[in-house]
Amino acid sequence: MPPALSLTVAIICGLLCLVAGVFLGAMPIQNSKMTDAQRKASSLLCFIIAIVFVVLMFTGQDLATWTILGGIVVGFAVGKIPPLHEALVAKWDFLKPYEPKNKRRKGSGKSKNR
């Protein structure tokens with residue numbers, strides 16, 4: 001592959017993985033706090049990135065594979081920066097953690113007719 005095309009592929013992969021890393025970093029880390037849609041999106045995104053990584057690795061695109069790794073790691077770290085994380089979660093409802101609606105409060109089962 002010509003050097004210009006190889007560099008272009010590396011830059012595009014790095015930028016896409018940077019965005020994917022920010023997205024993954026903005027989602028909850030604990031599986032119990034993730035919604036089903038978040039679990040599916042996270043799994044699908046990681047699967048696609050892994051397939052692209054393996055394909056690029058077997059085709060000898062070393063620069064692109066390193067930029068994929070760097071983009072994911074840097075993007076994830078950026079997504080976990082507290083002010084940015086809170087802004088992303090506030091802006092997109094998809095990123096909000098799962099909270100059960102049936103929380104029982106202490107004393108809620110007591111009868112008022114004593």
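Taking the Cα centre of the chain as origin, sum charge times position over the Cβ atoms of Lys and Arg (+1) and Asp and Glu (-1), and report the length of that vector in debye to the nearest 20.
So the dipole magnitude of the chain works out to roughly 1500 debye.
Grab the beta carbon distance between Val89 and Ala50, set R0 = 22 Å, and tell me the FRET efficiency rounded to 0.05.
Result of the calculation: an efficiency of 0.30.
So what is the accessible area of the chain per residue, in Å², with the probe set to 1.4 Å?
That works out to 74 Å² per residue.
Is it possible to state the helix-based mean residue ellipticity at 222 nm for the chain, with each DSSP H run of 4+ residues giving -39500 (n - 2.57), the sum divided by total residues, to the nearest 500 deg cm²/dmol? What is it?
Counting only the DSSP helices, I get -22500 deg cm²/dmol.
So how many Lys-Lys pairs in the chain land under 17 Å Cα to Cα, not counting same-chain pairs under 8 apart?
Count of close lysine pairs: 7.
Which percent of the accessible area of the chain is formed by carbon and sulfur heavy atoms (probe 1.4 angstrom)?
Within the chain, the accessible surface is 68 percent carbon and sulfur.
Hey, what angle do you get for helix 36-58 against the long axis of the chain, alpha-carbon based, 0 to 90 degrees rounded to 10?
20 degrees
What's the angle, to the nearest 10 degrees (0 to 90), between helix 3-26's Cα axis and the longest principal axis of the chain?
Here the helix axis deviates by roughly 10 degrees.
The values are calculated or read from the model by the stated rules, or taken from the named source; none is laboratory data. Since this is a predicted model, take the numbers as computed values, not measurements. Positions of Cβ are generated from backbone atoms using ideal geometry, with glycine treated the same way; all protein chains shown enter the neighbour counts. Note: accessible area is taken over every heavy atom of the protein model, side chains too, but ligands, DNA and RNA are not part of it. Shrake-Rupley method; radii C 1.70, N 1.55, O 1.52, S 1.80 Å.
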